[in-house]
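The values are calculated or read from the model by the stated rules, or taken from the named source; none is laboratory data. Remember, predicted model here, so these are calculated numbers, not experimental data. Cβ coordinates were reconstructed from backbone atoms using ideal geometry, including for glycine residues, and neighbour counts include every protein chain displayed.
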Amino acid sequence: MTTALEIGQRLQNGELCAEELLSESLSRVKALDKDLNSVVGLYEEQAFEQARAAQKRLDQKQPLSALDGVPTGLKDLLCALGQRSAAGSKMLGSFVSPYDASAVAKLRAAGAVMPLRLNMDEFAMGSTTETSFFGQTKNPWDLARVPGGSSGGSAAAVAAGLVPYALGSDTGGSIRQPASHCGVTGFKPSYGAVSRYGLIAYASSLDQIGPIAPSARDCAAVLDLISGADPHDATSSGLAAPTLPALGGDLKGLRIGLPEECFGDGVEHAVRERVLAVAEALKGLGASVERFRLGGLEYAVPTYYIIACAEASSNLSRFDGVKYGHRAANAPDLSSLYVNSRTEGFGPEVRKRILLGTFVLSSGYYDAYYLKAVKAQARIRQSYESAFARFDLILTPVAPSTAPRLGESLSDPLKMYLSDIFTVSVNLAGLPALSVPAGLDESRLPVGAQLIGRRFDDKTVLRAGDAFQRATSFHSLTPPIHGGARHAS
């Protein structure tokens with residue numbers, strides 16, 4: 001799989017033309033996406049204007065960035081000027097954004113060409129991209145399986161070669177898990193490294209925007225473009241250092257921990273073996289690897305779903321059918337307008353999480369549920385702080401299994417929620433984490449390994465991922481729909 005940076009370099013060398021590159025990307029969308037359903041919005045006219053402007057700069061040897069002229073896709077909950085930004089929901093099905101999200105504005109300023117809106121679980125609530133109002137997305141490796149979620153459209157589009165990279169968002173694993181299931185690289189930055197302004201919120205204390213791309217090096221390049229403090233977002237920070245210049249070299253002296261809890265009986269054999277093989281590869285690059293007990297992970301999933309649903313209940317209260325969004329017809333009074341608009345506008349998974357969040361925040365239950373969850377979150381953070389006193393990175397699987405079949409997770413929601421067991425604690429602690437392809441299982445489905453680092457030490461996470469990928473070729477594997485899978489050496 002050709003990386004985004006390689007394509008950017010070929011544009012700057014004059015080997016590629018930005019307009020022809022965009023045409024090729026759109027041709028692949030029209031040929032392949034009828035099977036995938038990863039694209040929910042196509043903005044050809046806007047994109048060709050951007051490509052023509054990029055080519056003019058390239059001809060003048062004045063590129064705005066290493067990715068100037070390279071096409072990208074945006075997860076459907078990132079606001080972009082003049083594009084429908086629906087968050088995968090009927091509620092916002094007619095909302096055309098009047099402004100750019102900060103991350104989108106930064107990509108635009110770096111010369112990005114943005115033709116695609118990419119499918120997602122409705123309001124990012126799901127792990128399979130099956131709850132979207134615009135239909136389910138399918139996995140390029142096996143069309144009978146899910147791509148993961150909630151950024152499944154972004155991961156599927158990159159894996160299928162529709163765009164060289166894409167933006168997603170990660171509230172509890174929504175970049176890393178679909179990247180793992182689709183055999184691409186996904187990075188969840190430290191909380192605060194990237195502004196959330198213009199991101200349609202699910203859970204504000206957990207949401208983070210990040211890249212999905214073929215390689216860790218691509219993710220570093222995108223992160224350097226979109227990160228930094230933003231006056232529109234008080235939680236954003238300028239503490240994250242540029243990552244791309246830090247890549248290269250071996251991993252001598254790096255200490256990596258393997259939590260015992262993440263390699264138990266609940267993990268598929270192939271997943272466990274592939275991730276342990278990553279540990280051996282990292283040892284071969286100079287790192288030391290040691291098993292340890294992390295502690296607190298047993299609280300991660302219930303803690304995450306209480307906090308995330310409580311914040312969703314608050315965040316989604318603004319969608320009431322009055323100011324914007326879906327408005328029910330023929331409501332006899334204001335109360336009926338609210339109820340009908342929200343009942344019609346939200347899908348069943350979103351309604352369920354709003355109700356759960358409202359319940360845990362309600363009088364009489366706040367102390368029993370929400371307050372306990374906040375205390376458990378503090379304990380999980382302390383567990384990571386203790387671990388990072390000993391280690392520079394933590395290595396785990398991304399998910400206990402490879403991609404499930406379509407419909408399996410919706411028929412067993414508890415199983416779907418438990419599939420987030422290795423990712424949600426990272427969001428609760430605000431840490432950076434990278435999903436890297438680790439090979440295929442016996443069914444030729446991708447397995448992902450997760451590298452977790454200290455908050456705002458994003459560059460060490462990406463440096464380790466880049467070193468692993470320079471020593472292996474798993475990230476170069478392509479699914480059958482891409483044009484024929486290749487075997488890793």
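Only one of the numbered conditions (1) out of contact with any strand residue (DSSP E or B) (no Cβ under 6 Å at 6 or more places or on another chain); (2) part of a loop (DSSP other than H, G, I, E, B) is not met by Ala240, and that is (1).
Of the residues Leu167, Leu162, the single one that is touching a residue at least 12 places away in the same chain (Cβ under 8 Å), surrounded by 24 or more Cβ atoms within 10 Å (Cβ to Cβ) and not in a loop (DSSP other than H, G, I, E, B) is Leu167.
Applying a threshold of 9 Å to beta carbon distances and a minimum spacing of six or more residues, or different chains, the list of pairs starting in segment 220-233 at a residue that is within 10 Å of Ser102 (Cα to Cα) and in a helix (DSSP H, G or I) and ending at one that is polar (S, T, N, Q) and modelled with pLDDT of 95 or more reads Ile226/Ser102; Ile226/Ser195.
Residues checked against (1) over 24 Å from Asp218 (Cα atoms); (2) buried (at least 16 other Cβ atoms within 10 Å of the Cβ); (3) in contact with a Phe, Trp or Tyr (Cβ under 9 Å, 6 or more places away or on another chain):
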position: Glu24; (1), (2), (3): no, no, no
position: Leu36; (1), (2), (3): no, yes, no
position: Gln50; (1), (2), (3): no, yes, no
position: Arg57; (1), (2), (3): no, yes, no
position: Gln60; (1), (2), (3): yes, no, no
position: Lys75; (1), (2), (3): no, yes, no
position: Leu78; (1), (2), (3): no, yes, no
position: Met91; (1), (2), (3): yes, yes, yes
position: Val96; (1), (2), (3): yes, no, no
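Within segment 343-354, the set of residues being under 25 Å from the mean Cα position of the chain (by Cα) and of a type outside the set (Lys, Arg) comprises Gly345, Phe346, Gly347, Pro348, Glu349, Val350, Ile354. Which of (1) in contact with a Leu (Cβ under 8 Å, 6 or more places away or on another chain); (2) closer than 14 Å to Leu74 by Cα does Gln136 not meet, given it meets every other one? If we test Gln136 against (1) in contact with a Leu (Cβ under 8 Å, 6 or more places away or on another chain); (2) closer than 14 Å to Leu74 by Cα, just (2) comes out false. The residue that is surrounded by the fewest Cβ atoms within 10 Å (Cβ to Cβ), among those in segment 442-463 that are in contact with a strand residue (DSSP E or B) (Cβ under 6 Å, 6 or more places away or on another chain) and either free of Cβ contacts under 8 Å to residues at least 12 places away in the same chain or outside any strand (DSSP E or B) (or both), is Thr460.
Does segment 162-175 include one or more residues that are more than 11 Å from the chain's Cα centre (by Cα) and closer than 17 Å to Ile209 by Cβ? Checking segment 162-175: at least one residue is more than 11 Å from the chain's Cα centre (by Cα) and closer than 17 Å to Ile209 by Cβ.
Out of Phe359, Phe388, Phe346, report the one residue that is free of Cβ contacts under 8 Å to residues at least 40 places away in the same chain, closer than 25 Å to Ser419 by Cα and surrounded by 13 or more Cβ atoms within 10 Å (Cβ to Cβ). Before the answer, list the steps.
On the way: Phe388 fails: free of Cβ contacts under 8 Å to residues at least 40 places away in the same chain; Phe346 fails: free of Cβ contacts under 8 Å to residues at least 40 places away in the same chain.
Sole residue among the options that is free of Cβ contacts under 8 Å to residues at least 40 places away in the same chain, closer than 25 Å to Ser419 by Cα and surrounded by 13 or more Cβ atoms within 10 Å (Cβ to Cβ): Phe359.
Of everything in segment 1-22 that is assigned to a helix (DSSP H, G or I) and of a type in the set (Asp, Glu), the residue that is nearest to Val113 (Cα to Cα) is Glu19. Remark: pairs (first residue in segment 309-331, under 15 Å from Leu199 (Cα atoms); second residue surrounded by fewer than 19 Cβ atoms within 10 Å (Cβ to Cβ) and of a type outside the set (Ser, Thr, Tyr); Cβ separation under 9 Å; 6+ apart in sequence or on different chains) = Ala312/Leu356.
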